[in-house]
1. Leu36: open to solvent by 60 Å² or more (accessible area, probe 1.4 Å), closer than 18 Å to Asp63 by Cα and modelled with pLDDT of 70 or more, yes or no?
2. What are the residues in region 39-65 that are among the hydrophobic types (A, V, I, L, M, F, W, C), at pLDDT 80 or above and out of contact with any Pro (no Cβ under 8 Å at 6 or more places or on another chain), if any?
3. How many residues does region 109-135 contain that are at pLDDT 90 or above and open to solvent by 80 Å² or more (accessible area, probe 1.4 Å)?
Amino acid sequence: VNLQSPSNNETYQERLERLEGDKESLVLQFGDGPFLFQHDRTPVHRASSIKTWMSESGVEELDWPAQSPDLSTERQAFLSKHQCLTSQMLLLEEWSGIPINTFLTLWKAFPEELKLVSVLTEQVEAQGEKIRDLEVSLEEHHHKLLSTEEMLQQLQFCRARLRKFSGLELTLHSAGSGT
C-alpha cells in the first residue's frame, strides 16, 4: 500500500489513520495478517508524533537501517529506466554533435575500405597457400633426408664388414702362406 510522500507529519498521520480505518481492504488485499509496516527514514516518518501514534495504535514496524538501499521494485525499475533513457539521450547528443560531413566522408571512403579488406584477404589466403606448399616441400625433404641417412648407415655397416672381412682374409692368407 503506497501512502505517497506527504509534506508534513500531520498529513502523514492522517493517512495512517485512514489506512487503519480501512483494515477490511488490507485483509482483502493481504490476508488476515499479521502485518508489518514499512516506511523509509525520511524525517516525517521518524517524527515523534508518528512514533507515538504507531506505538499507541499497536502497529508493528519494520526496523529500517540507516543508509539502506531502496528496496522498492517500482523505484528501482524507474531508476533503471531513467538511467537507460539518460544514457540514450547522452548518446544521441554526442551523435548529433558529429558534423554530417564526417559521416559523408566515412560513407564515401567505405567502398575503398572494403576493397582494401578484400585485397588483404586475398593476400593472406595466397600467403597461406605458399605456407602450405612450403610445409609439403619440407615434409618431402625430411623423408629424403631420412632415406639418405638410412642409406649412409647401411653403407657404413657394409664398409665395416668389408674391412673386417678384408682383414680376416688377409690374416688367413698370411697364415696360409707361412709368413
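1. Against the criterion (open to solvent by 60 Å² or more (accessible area, probe 1.4 Å), closer than 18 Å to Asp63 by Cα and modelled with pLDDT of 70 or more), Leu36 qualifies.
2. Selection gives Ala47, Ile50, Trp53, Met54.
3. Going through region 109-135 one residue at a time, the tally reaches 12.
The values are calculated or read from the model by the stated rules, or taken from the named source; none is laboratory data. Bear in mind the structure is a predicted one, so any value in this text is a computation, not a measurement. Cβ atoms come from the backbone with ideal geometry, glycine included; neighbour counts cover every protein chain shown. For the accessible areas, the whole protein counts, side chains as well, though only heavy atoms, and no ligand, DNA or RNA atoms are used. Shrake-Rupley method; radii C 1.70, N 1.55, O 1.52, S 1.80 Å.
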